[in-house]
Amino acid sequence: MNLWQGAVLMSVYFPHKKLPYLLVLPQLVITLIFFLWPAEQAFEQAFYQEDAFGLSREFVGFDNFVYLFNDPQYYKSIWVTLVFSFSVAFSGLAIALWLAVMADRVIRGKLTYQTLLVWPYAVAPALAGVLWWLLFDPSMGPIALWLQYFGVDWNHFLNGDQAMTLVVISATWKQISYNFLFFLAGLQAVPRSLIEAASIDGASPFKRFWTIVFPLLSPTTFFLLVINLVYAFFDTFGVIDATTQGGPGVSTATMVYKVFNDGFIGLDMGSSAAQSVVLMFLVGVMTVIQFRYIERKVEY
Amino acid sequence: MIENRPWLTFVSHFSLLLGIGVVALPVWVALVASTHPSSAFGAGEIPLWFGDQALENWRSVFLGEASSGVDVPVWYMMLNSFIMALGITVGKLFISLLSAYAIVFFRFPFRGACFWVIFITLMLPVEVRIVPTYEVVANLDMLNSYSGLILPLIASATATFLFRQCFMTMPGELIEAARIDGAGPIRFFFDILLPMSRTNIAALFVIMFIYGWNQYLWPVIITTDDAYYTLVMSIKRMLAVDQGDIEWNHVMVTTLLAMIPPVAVVIGMQKLFVKGLVDAEK
């Protein structure tokens, strides 16, 4: 797939004048109303300061951005986002790769294993958060009680690092299935002859993995890394909102959570809009990276 | 299998079983929790084996007799979830099939512009533009309505993109043949294009349904009327009490009920699901 081939021509086509407009109309209308209009509003609002009741506003230029980038809280949320996203991406990728390598080895029951590993994909992030909250509930969660038995003072309502651990576990749990499927597909595409040749040369399974399989998997790994980061950035709002609500303090308030929190709870529309604009810019960069990379994969 | 290493085979199966166990652990505990009276929780311990309240808990939560902080029963919210999920799925498929058809099979002025307007949405999930989207929907008077729940989430180009890819691989001779046989564009669409993209549509249906069912932030923001609550978001309301007062048995029944439909779809249609996943992210 190649996004930048906007001008690819079908050699044959229908010579109609009005019908095509009618066909694209529904999507255009939806996009204009629910996408371009809000995006434009976000840009506009980022340059205004609104009072708490939304009654009046004044043009303040880049003040919202200046304020944002002088606000230690914002840097804190960037840091939280980075810690959270990279923890989720790396633990998710590592566990999924391990499981996929194991599943690729087994002959019997591969599909059963796959079925039993992929279903968490279908669980809503908010529900994943609630499920793990129960396990880690400081007063009665089995894992929390077990940790306390071993002297770990687990209370994710008071301890920021523990709260972060909990949301990372919940978010990773849901994402393993996705990574697993892609890794398994990637592993199955590694030519058997290469592995056979290496094993005839006396390479151990361990060595074969690091010198042949892992390098050949690198396109898949990189693709999954980008997808996982995007997932951790945007799709994990539910995990955080249902379990920690950004707390304790702001120790699990990611950038997306802060946009929501400042906009709907703090009613600071200008700052929230400025944050939206920053995020839009970030997503834009990530999308370009993604497509650049995918273009290269096509040429492979 | 390249060589026989029994020990490694054992490690493989063991790792996989361990992985499955860890992945299933929270659901196991949730299932167990859903079978006990609420008095079984908070005593510094949680029951680890099934209790005898299963039927009672599931029935009262499903019918809305259990106090949950929401005024409508769970079956009603389940219905709302179905309406939203199906609305998003069908709506997305509808608009994207049509626009992909137009972009691939027709030449018209501003085609490039239409293409870009639609595809720019690939870049921005609703979470990023949440506040302005809320304001637009409020201006259109669509808060607390099904159209408000559904329409803004349809504004994404992933499906259009996918159908465009799929249509572009179709041989041009097909259209030539259809035109020689006297079929117009509408006939071509229904008699040739749709049947040929059947699997793609089904695979996308599975992915979109899960996506729609699992929406959380958007329904939380635009519904204040309990009659439009969806099951996934209602969990927030049930947890919005003092920490000691959470009725875990009821929360867990609700959580499990909210998980069952999408999980059933993934397991029951695994082939289509995998295809949809791989296609959608390729």
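Please list B:GLU173, A:GLU44 from largest to smallest accessible area, probe radius 1.4 Å, with all protein chains kept in place.
Solvent-accessible surface, decreasing: B:GLU173, A:GLU44.
Work out from phi, with θ = phi - 60° and the Karplus expression 6.51 cos²θ - 1.76 cosθ + 1.60, the ³J(HN,Hα) of each residue of region B:19-33, listed in order in whole Hz, and give x for Gly and Pro.
x, 4, x, 5, 5, 7, 3, x, 6, 4, 4, 5, 4, 4, 4
Would you mind giving the total buried accessible surface between chains A and B, with a 1.4 Å probe and ligands, DNA and RNA left out, rounded to the nearest 100 Å²?
Chains A and B together bury approximately 10200 Å².
Give the Debye-formula value of log10 I(q)/I(0) at each listed q (0.07 Å⁻¹), with one equal scatterer per alpha carbon of the protein assembly as shown, two decimals each.
Taking Cα atoms of the protein assembly as shown as identical point scatterers yields -0.46.
Of all the accessible heavy-atom surface of chain B, with the other protein chains kept in place and a 1.4 Å probe, what percent is carbon and sulfur?
65 percent
If r is the Cβ-Cβ distance from B:ILE192 to A:PHE69 and R0 is 45 Å, what FRET efficiency results, to the nearest 0.05?
Given R0 = 45 Å and the Cβ-Cβ separation, E is 0.25.
Relative to the longest principal axis of the C-alpha atoms of chain B, give the angle of the C-alpha long axis of helix B:130-139, reported between 0 and 90° and rounded to the nearest 10°.
Helix B:130-139 sits at roughly 80 degrees to that axis.
Expressed as a rounded percentage, what relative contact order does region A:65-299 have, with Cα pairs under 8 Å and six or more residues apart?
29 percent
Grab the DSSP H runs of chain A that are 4 residues or longer, score each as -39,500 (n - 2.57), total them, divide by all residues and round the 222 nm result to the nearest 500 deg cm²/dmol.
-21000 deg cm²/dmol
Leaving ligands, DNA and RNA out of it, report the carbon-plus-sulfur percent of the accessible area of region A:19-63 at a 1.4 Å probe.
71 percent
Tell me, what is the per residue accessible area of region A:65-299 in Å², probe radius 1.4 Å?
I get 40 Å² per residue for region A:65-299.
List the lysines whose Cα sits under 21 Å from the Cα of A:LYS258, skipping any in the same chain fewer than 8 residues away.
Hits, sequence-local ones excluded: A:LYS76, B:LYS236.
For B:LYS275, tell me the accessible area in Å² from a 1.4 Å probe, rounded to the nearest 10.
Approximately 70 Å² for this residue.
Under a point-charge model restricted to the Cβ atoms of Lys and Arg (+1) and Asp and Glu (-1), what is the dipole moment magnitude of chain A relative to its Cα centre, in debye to the nearest 20?
Around 1420 debye, computed over chain A.
So what is the 222 nm mean residue ellipticity for chain B from helices alone, if each DSSP H run of at least 4 adds -39500 (n - 2.57) and you divide by all residues, rounding to the nearest 500 deg cm²/dmol?
Here the helix-only value at 222 nm equals -21000 deg cm²/dmol.
Between the chain alone and the structure with every protein chain in place, find the residues of region A:123-137 that drop at least 30 Å² of accessible area; heavy atoms, 1.4 Å probe.
A:ALA124, A:ALA126, A:LEU127, A:VAL130, A:LEU131, A:TRP132, A:TRP133, A:LEU134, A:LEU135
For chain A, which DSSP H helices look membrane-span-like by this rule: Cα extent along the axis of 20 Å or more and mean Kyte-Doolittle of at least -0.5?
A:72-105, A:160-188, A:214-230, A:269-299
Can you send over the solvent-accessible area of B:LEU217, 1.4 Å probe, protein chains only, in Å² to the nearest 10?
Around 10 Å² of this residue is reachable by solvent.
Residue by residue through region B:187-204, which ³J(HN,Hα) values in whole Hz follow from phi under the Karplus form 6.51 cos²θ - 1.76 cosθ + 1.60 (θ = phi - 60°), with glycine and proline marked x?
Residue by residue, region B:187-204 yields 4, 4, 4, 7, 8, 10, 5, 4, x, 6, 9, 3, 5, 4, 4, 5, 5, 5 Hz.
Near B:LYS271, which lysines are there with a Cα under 21 Å away, not counting those fewer than 8 places off in the same chain?
Answer for B:LYS271, where 21 Å is the Cα cut-off: A:LYS110, A:LYS174, B:LYS282, listed by chain and number.
In peptide B:202-213, what is the residue-averaged number of other protein chain Cβ atoms found within 10 Å of each Cβ?
Partner-chain Cβ atoms within 10 Å, mean over residues of B:202-213: 1.
In debye, nearest 20, what is the charge dipole magnitude of chain B about its Cα centre with +1 on Lys and Arg Cβ and -1 on Asp and Glu Cβ, if you could check?
Roughly 1200 debye for chain B.
So which trypsin sites (Lys or Arg not before Pro) in region B:102-175 end up in coil per DSSP with only 15 or fewer other C-beta atoms within 10 Å?
Within region B:102-175, the qualifying trypsin sites (Lys or Arg not before Pro) (loop, at most 15 other Cβ atoms within 10 Å) are B:ARG107.
Let me check against my output: what whole-number percent is the relative contact order of region B:136-282, with C-alpha pairs under 8 Å and at least 6 apart?
It rounds to 34 percent for region B:136-282.
Can you find, among A:LEU28, A:PHE183, A:GLY247, the residue farthest towards the positive end of the dipole of the protein assembly as shown? Put +1 on the C-beta of Lys and Arg, -1 on that of Asp and Glu.
Going by the Cα projections, it comes out as A:PHE183.
For a quick check: with amide H placed at 1.01 Å from N, whose amide H comes under 5 Å from A:TYR48's, ignoring anything fewer than 5 positions away on the same chain?
A:VAL60
If you place +1 on the Cβ of every Lys and Arg, -1 on the Cβ of every Asp and Glu, and leave all else neutral, what size is the dipole of the protein assembly as shown about its Cα centre, to the nearest 20 Debye?
Dipole of the protein assembly as shown, to the nearest 20 debye: 2360 debye.
Could you tell me which residue out of B:PRO171, B:THR224, B:PHE119 lies farthest along the dipole of region B:73-281 toward its positive end? Charges go on the beta carbon: Lys and Arg +1, Asp and Glu -1, centred on the Cα centre.
Positive-most Cα among the choices belongs to B:PRO171.
For the peptides A:177-184, A:208-215, what is the packing order when you average, over each peptide's residues, the other Cβ atoms within 10 Å and list the highest mean first?
Descending packing order for the listed peptides: A:177-184, A:208-215.
Which of the residues in region A:153-168 lose at least 20 Å² of accessible area when you go from the chain alone to all protein chains together (probe 1.4 Å)?
A:PHE157
Taking square-rooted eigenvalues a ≥ b ≥ c of the alpha carbon gyration tensor, is chain B rounded, prolate or oblate, where a/c under 1.5 means rounded and, failing that, a/b exceeding b/c means prolate?
In terms of gyration-tensor shape, oblate.
Rounded, prolate or oblate: which fits chain A when a ≥ b ≥ c are the square roots of the eigenvalues of the alpha-carbon gyration tensor, with rounded for a/c under 1.5 and prolate only if a/b beats b/c?
oblate
Calculate, for chain B, the solvent-accessible area per residue in square angstrom, rolling a 1.4 angstrom probe over the heavy atoms of the protein chains.
In whole numbers, chain B has 41 Å² accessible per residue.
For Cα pairs less than 8 Å apart in space and 6+ apart in sequence, what is the mean separation divided by the residue count of chain B, i.e. the relative contact order in percent?
Reported as a whole number, the value is 30 percent.
The values are calculated or read from the model by the stated rules, or taken from the named source; none is laboratory data. All of these numbers come straight from a predicted model, not from anything done at the bench. Cβ: placed from backbone, ideal geometry, glycine included. Neighbour counts: every protein chain shown. The area values use the complete protein model at the heavy-atom level, side chains included, leaving out ligands, DNA and RNA. Shrake-Rupley method; radii C 1.70, N 1.55, O 1.52, S 1.80 Å.
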